[in-house]
Amino acid sequence: MADSRARTSGIDTLVILGAGGDLTSRLLLPGLGSLLGSSRGRPLQLVGSDRGELSDREFRSKVRAAFGDAGGVARTVADRARYVQADATSGEDLAALLAGCEGRVALYFALPPAVAAASCRALAGVELPEGLVLALEKPFGTDGASARKLNRLLQTIMPEEQVFRVDHFLGKSTVLNLLGLRFANRLFESLFSAQHVERVDIVFDETLGLEGRAGYYDKAGALVDMIQSHLLLVLALTAMEPPSSVSSEDLRGAMAQVLRATRPWAKNGTSSRRARYTAGSVGRRKLPAYVKEKGVVAGNRTETLAEVTLAVDTWRWAGVPFRLRSGKALGDGRQEIVITLRDVPHLPTGFHAVDRPAQIRIRLKPSTMEVDLATNGSGDPFDVEWDVLRHDFGENELSAYGEVLAELMEGDPTLSVRGDVAEECWRIVAPVLAAWRKDAVPLDSYKAGSAGPSRWGTPPEAAGR
Ligand code: BG6
C-alpha cells in the first residue's frame, strides 16, 4: 500500500455529513477515535454537519463521548471540532461548507444511499477544492442501476483514486490476514484451488437483532446488508489470483477480476435460501419477532437470514461451490471462512478412515485459524484421527473502521471499494433478488436464538466444529 500512499498527501480536514446520525456516533466517531489514539493518528480538523441545529460545544461533547478514553491526538481533535448546520443536498450549502475548510478535505457521507446520491448531484455544480476526497458508505446505491448511475456521476466530479467507497470488512484483521496467509506462504496458497478444495463457506452469523435500525434494514435485508457488500469482498480475497503487489491498482484489480467471474450457482438465483426470525431468546436476551420490531413493515417480507451459493467461473475454481450466509438473532455468532478440502486420493489400505473431510477454518471473531491435521500417533497407529493446529492472528492496532479511516486519511484507496467492484457485487446478487421478488424461493422462519430454520438442517461446513 506504500506506493499509493507516497503518491497522495494526507487529509487535513474531515467533514462528516450526517453528523447527527446513528452511523456517525455508533461507528464512524469511535473508529476515528481508535485511529487518533493509535500510532497512526495525526492532528486534523474535524467538522460535523447536518440539517439540525447544534452548537460547537454540543458537537464536541458528542465527539468526546464517542472517542471514549482514546489517547494520542484524540483529545485535541475533539476540543477543536466544529459543527456547521447545512443541507447536504444543497449546492449552495456545500459550497459554503467547503469554503470554510482548511487544506486537503475529505467529505464523508454518513447518509442513507439516496441522500448521499442527491448530495453528490448537488456537488457536481460546485467548484471543488483541489484534492478533495469523497467517502461513501455501503450500500453503494440501492441496486445495480443506481450504483452505475452514481459511479458515472462521480466520474464527472473527480478521479477514481479520490473516491472512497467505505466497507469496514476490508479493515478487519482476519480479512487482511487472508492476504499474508495466502500470498506469503507456500503452505496454503497451493491448496486454494478446485483440485484440493471441495467447498468454501463464508459465514457471518450475528447474535444481534435489529437494534432499532428498521428504517434502513427493513428495506435492505440480510442479502443486501451483508452479502452484497461485505461477504462478496471476503470471497474476492479468498478466491482471487495472487496480485503482483498490494498497491491499490493490483489488489483491487485482482478483486474485480474474480468478482467478474462470480455468479449464482443456479443462474436463475434459486441456489439461495432466506428466512426471518420469530420471537425467542438469544442467551438471556428476549427478542420479539422481527415483524413486531418498531418500524418494520411485515409486508416488506424482509429476510433476516440469507444464504447464497455461488460459482466462480475460473480455471482455478470451476465446480467449487462458495456458500455465503449471514443472519441476525442467531444462537451462535459464528463468523468464519471454512475451506473444506477434498479427501486424499487414496488412504493407504489398512488405515481406519477418518470420519469427515479436513478443513481450514479462518475465524473473524476472535481472529484465529484452525487447520485440521490427520494423525496416527496416539493409541492404535492405524487409527487416523483429527488433530487441530491453531493459530491466533492477534488483533490489529486499529479497529476495522479505524483501519479504513486510516487509509482514507492517508489518501490511500487500497482498502476502499473500487467503482466497478461495487457494480459487480450488485450484478452477482441481482438474479437472487429477482427470484425472491417472484417468490421462487420460500421465506422460511427461525426462532430467535436458534441455529436457523430447522428444515435447513446442519450446514455441511459445521462438521469440524
Ligand atoms: C454492518 C451491517 O455493515 O456490519 C450490520 O449494516 C452488521 O447489520 C455489521 O451488524 C457487522 O459488522 P461488525 O464489524 O460490527 O461485526
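Treat the chain as a sphere of radius equal to its Kirkwood radius over Cα pairs and apply Stokes-Einstein at 4 °C in a medium of 1.567 mPa s; give the translational diffusion coefficient in µm²/s, rounded to a whole number. Translational diffusion coefficient: 55 µm²/s.
Each part reduced to its alpha carbon centroid, the stretch 53-76 and the stretch 386-428 end up 26 Å apart. Under 5 Å from the amide H of GLU198 lie the amide H atoms of THR340, LEU341, ARG342, each residue being 5 or more positions distant or on a separate chain, with H modelled from the backbone and absent for Pro and chain starts. Across all directions, the shadow cast by the convex hull of the stretch 1-124 built on its C-alpha atoms averages 7.9 square nanometres.
Considering helices alone, the calculated mean residue ellipticity of the chain at 222 nm is -9000 deg cm²/dmol, with DSSP H runs of length four and up weighted by -39500 (n - 2.57) and normalised per residue. Given in Å, the Rg to one decimal and the Dmax to the nearest whole number for the Cα atoms of the stretch 36-85 are 11.0, 34.
Note on the stretch 54-203: with charges restricted to the Cβ of Lys and Arg (+1) and Asp and Glu (-1), its dipole about the Cα centre is near 300 debye. Straight-line reach from LYS267: taking Cα to Cα under 13 Å and skipping same-chain neighbours fewer than 8 places apart, the aspartates and glutamates in range are ASP313. Using every pair of separate Cα atoms, the Kirkwood estimate puts the hydrodynamic radius of the stretch 310-360 at 14.3 angstrom. The residues of the chain expose on average 43 square angstrom of accessible surface per residue, using a 1.4 Å probe on protein heavy atoms.
Listed values for the stretch 442-457 are Karplus-derived 3J(HN,Hα) couplings in whole Hz (6.51 cos²θ - 1.76 cosθ + 1.60, θ = phi - 60°), namely x, 8, 7, 10, 9, 7, 4, x, 8, 8, x, x, 4, 6, 6, x, and x replaces Gly and Pro. The C-alpha radius of gyration of the stretch 126-184, expressed as a fraction of 2.2 N^0.38 Å, stands at 1.45. Could you state, as a whole-number percent, how many of the C-alpha pairs of the stretch 194-313 are farther apart than 19 Å? That fraction is 57 percent. Electrostatic bookkeeping for GLU241 treats Lys and Arg as +1 and Asp and Glu as -1; over the other residues with beta carbon under 11 Å from its beta carbon, the sum is 0. Express in whole angstrom the spacing between the alpha-carbon centres of the stretch 221-288 and the stretch 119-172. Taking the Cα centre of the stretch 119-172 as reference, the centre of the stretch 221-288 is 21 Å away. The distance from the alpha carbon centre of the stretch 323-382 to that of the stretch 430-465 is 22 Å, rounded to a whole number. Multiplying each eigenvalue of the alpha-carbon gyration tensor of the stretch 109-212 by 5 and taking the square root yields semi-axes of 35, 19, 14 Å, largest first, rounded to whole angstroms. The eigenvalues of the Cα gyration tensor, multiplied by 5 and square-rooted, give the stretch 200-265 an equivalent ellipsoid with semi-axes of 29, 13, 11 Å from largest to smallest. The mean sequence separation of alpha-carbon pairs under 8 Å and at least six residues apart, normalised by the residue count of the stretch 103-210, gives a relative contact order of 22 percent. Put +1 on the Cβ of every Lys and Arg and -1 on every Asp and Glu Cβ in the chain; which of VAL126, VAL296, HIS196 then has its Cα farthest towards the positive end of the dipole? Selected residue: VAL296. Sorting 286-296, 129-139, 329-339 by their mean Cβ neighbour count within 10 Å, with the most densely packed peptide first, gives 329-339, 129-139, 286-296. Here the label points at LEU179 and THR349, each 7 Å from Cα along the C-beta direction, are separated by 5.0 nm in the simple model.
Each Lys and Arg Cβ is given +1 and each Asp and Glu Cβ -1; about its Cα centre, the chain then shows a dipole of about 1240 debye.
Within the same chain, lysines fewer than 8 places from LYS294 are excluded, and of the rest, those with a Cα less than 21 Å from its Cα are LYS219, LYS286, LYS328, LYS447. Could you list the square roots of 5 times each eigenvalue of the Cα gyration tensor of the stretch 320-465, that is, the equivalent ellipsoid semi-axes, sorted largest first and rounded to whole Å? In descending order, the three semi-axes are 35, 25, 17 Å. Diffusion coefficient of the stretch 390-449 by Stokes-Einstein, Kirkwood radius over Cα pairs, 20 °C, 1.002 mPa s: 136 µm²/s. Ignoring ligands, DNA and RNA, please state the percent of accessible area on the chain from carbon and sulfur, probe 1.4 Å. The C+S portion of the solvent-accessible surface of the chain is 52 percent. Please report the antiparallel percentage of DSSP beta bridges with both residues in the chain, rounded to the nearest 5. Looking only at bridges with both residues in the chain, the antiparallel portion is about 55 percent.
Using C-alpha pairs below 8 Å separated by at least 6 residues, the relative contact order for the chain is 20 percent.
The values are calculated or read from the model by the stated rules, or taken from the named source; none is laboratory data. Given the structure is predicted, the values throughout are model-derived calculations rather than measurements. Here the Cβ is made from the backbone with ideal geometry for all residues, glycine too, and neighbour counts use every protein chain on show. Each accessible area value is taken on the protein alone, full model and side chains, heavy atoms only, with ligands, DNA and RNA left out. Shrake-Rupley method; radii C 1.70, N 1.55, O 1.52, S 1.80 Å.
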